[in-house]
1. Given the conditions (1) touching a Leu at 6+ places or on another chain (Cβ under 9 Å); (2) part of a loop (DSSP other than H, G, I, E, B); (3) at pLDDT 95 or above, which single one is not true for Phe275?
2. Within segment 209-238, work out how many residues are part of a loop (DSSP other than H, G, I, E, B) and either of a type outside the set (Gly, Ala, Ser) or outside the structural domain of Ala256 (by TED's automatic domain parsing) (or both).
3. Just give me the residues in segment 81-101 being under 21 Å from Asn48 (Cβ atoms) and free of Cβ contacts under 8 Å to residues at least 40 places away in the same chain, in sequence order.
4. Would you check which residues across segment 211-248 are of a type outside the set (D, E, K, R), within 17 Å of Thr165 (Cα to Cα) and under 17 Å from the mean Cα position of the chain (by Cα) and list them?
5. Could you list, in sequence order, all residues of segment 160-180 that are charged (D, E, K, R) and either assigned to a helix (DSSP H, G or I) or in contact (Cβ under 8 Å) with a residue 60 or more places away in the chain (or both)?
6. Take the conditions free of Cβ contacts under 8 Å to residues at least 40 places away in the same chain and of a type outside the set (Phe, Trp, Tyr) and apply them to Thr248. Does it pass?
7. So, Ala231, is that one of a type in the set (Gly, Ala, Ser), surrounded by fewer than 21 Cβ atoms within 10 Å (Cβ to Cβ) and at pLDDT below 95 or not?
8. Can you tell me which of Arg124, Arg183, Arg157, Arg119 is farther than 25 Å from Lys266 by Cβ, among the basic types (Lys, Arg) and in contact (Cβ under 8 Å) with a residue 12 or more places away in the chain?
Amino acid sequence: MRDGLKVFSGNSNRPLVEEICKMLRVKPGDIAIDKFADGEIQVKINENVRGEDIFVVQSTSYPANDNLMELLITLDALKRASTARLTAVLPYFGYARQDRKDQGRVPITAKLVANLISRAGADRVLTMDLHAGQIQGFFDIPLDHLYAVNVFVEYFRKKELKNLTIVSPDVGGIKMARAYAKRLEAGLAIVDKRRIDDKNAEVMNIMGEVRGKNVIIVDDLVATAGSIVEASEALNGAGVLDIYAAITHPVLCGPAIERISKSPIKEMIVTNTIFSETSGLTDKIKVVSIAPLLAEAIKRIHNEQSISIMFD
């Protein structure tokens with residue numbers, strides 16, 4: 001790998017950054033992030049970055065606004081320190097659910113955040129499993145989009161599950177579910193649901209053969225877990241065997257942990273795009289690391305190599 005690579009971390013997920021840096025054989029960048037008494041965020045870069053290829057790893061997860069501001073201020077500080085190239089690495093891109101005007105007089109906040117990241121100084125973006133694929137077009141700078149599918153597929157192949165069906169918890173997730181079904185040589189089913197509000201959904205019916213099958217529900221994120229628990233209960237009532245879930249981003253807010261622990265889901269596999277302390281809260285949630293995937297992508301971007309070849 002060529003010289004000049006440096007990786008900096010915000011406060012959102014330092015354990016992930018340390019794992020990435022270990023794989024890249026570089027030390028995490030020396031950065032100080034603090035707050036003034038009134039809550040304003042202060043950032044100082046404590047090493048020379050002039051002419052370097054810099055990657056800033058920061059998920060805009062809870063607390064979303066603090067983590068977003070940390071990212072923007074860090075990008076500005078590094079840009080003003082004369083970096084050669086500045087890449088914002090967002091394992092989890094927050095505000096992604098606000099990607100369209102679904103009612104009158106509401107913003108498209110995902111586009112606003114994309115603009116902020118560009119204006120703060122980022123030359124390119126690296127992210128994973130966006131909530132909606134069209135968000136890639138919200139950025140006016142190059143964006144590399146990674147997928148966690150191969151990480152999950154490797155995990156489930158080791159389980160050697162028989163009579164397997166992949167389930168999308170809604171119509172919008174069919175494309176993702178099909179990718180899993182193809183790799184695991186499994187069937188495909190869809191839970192047709194009607195959303196009541198942003199916290200609750202009512203299951204309507206299940207499209208596809210699931211009776212007597214082991215099923216894996218796949219989705220990009222789990223927030224309050226209302227949708228996925230409703231889907232698991234509907235599947236359980238339809239006569240499935242074991243129910244698993246593969247979720248990239250464990251937002252896990254509000255009653256999520258309690259709902260999952262009481263649900264028919266046998267195991268929920270999540271990645272570490274978001275740092276979360278689930279140990280002791282429920283033994284159903286298992287975490288797999290996407291650090292090798294991010295490290296490989298960072299190395300390829302630094303060496304001007306193809307990213308898409310990673311998914312061929």
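The values are calculated or read from the model by the stated rules, or taken from the named source; none is laboratory data. These numbers come from a predicted model, not from an experiment. Note that each Cβ is placed from the backbone with ideal geometry, even for glycine, and that neighbours are counted across all protein chains shown.
1. Here Phe275 meets the rest and fails (3).
2. As a first pass, look at segment 209-238 and keep what is part of a loop (DSSP other than H, G, I, E, B): 209-213, 223-225, 238.
Among the residues that remain, those that are also either of a type outside the set (Gly, Ala, Ser) or outside the structural domain of Ala256 (by TED's automatic domain parsing) (or both) are: 209-211, 213, 224.
Final tally of qualifying residues: 5.
3. Ala81, Ser82, Thr83, Arg85, Leu86, Ala88
4. At the first step, the residues of segment 211-248 found to be of a type outside the set (D, E, K, R) are 212, 214-218, 221-229, 231-232, 234-241, 243-248.
Next, from what is left, pick out any that are within 17 Å of Thr165 (Cα to Cα): 212, 214-218, 228, 231-232, 234-241, 243-247.
Within segment 211-248, Ile217, Val218, Ile228, Ala245, Ala246, Ile247 meet the criteria.
5. Initial filter on segment 160-180 (charged (D, E, K, R)): 160, 162, 170, 175, 178.
Lys175, Arg178 - these are the residues of segment 160-180 that are charged (D, E, K, R) and either assigned to a helix (DSSP H, G or I) or in contact (Cβ under 8 Å) with a residue 60 or more places away in the chain (or both).
6. Values: free of Cβ contacts under 8 Å to residues at least 40 places away in the same chain: no; of a type outside the set (Phe, Trp, Tyr): yes.
So Thr248 fails the test.
7. On the way: of a type in the set (Gly, Ala, Ser): yes; surrounded by fewer than 21 Cβ atoms within 10 Å (Cβ to Cβ): no; at pLDDT below 95: yes.
Considered against the rule, which asks whether it is of a type in the set (Gly, Ala, Ser), surrounded by fewer than 21 Cβ atoms within 10 Å (Cβ to Cβ) and at pLDDT below 95, Ala231 comes out as no.
8. Values: Arg183 fails: farther than 25 Å from Lys266 by Cβ; Arg157 fails: farther than 25 Å from Lys266 by Cβ; Arg119 fails: in contact (Cβ under 8 Å) with a residue 12 or more places away in the chain.
Just one listed residue meets the conditions, Arg124.
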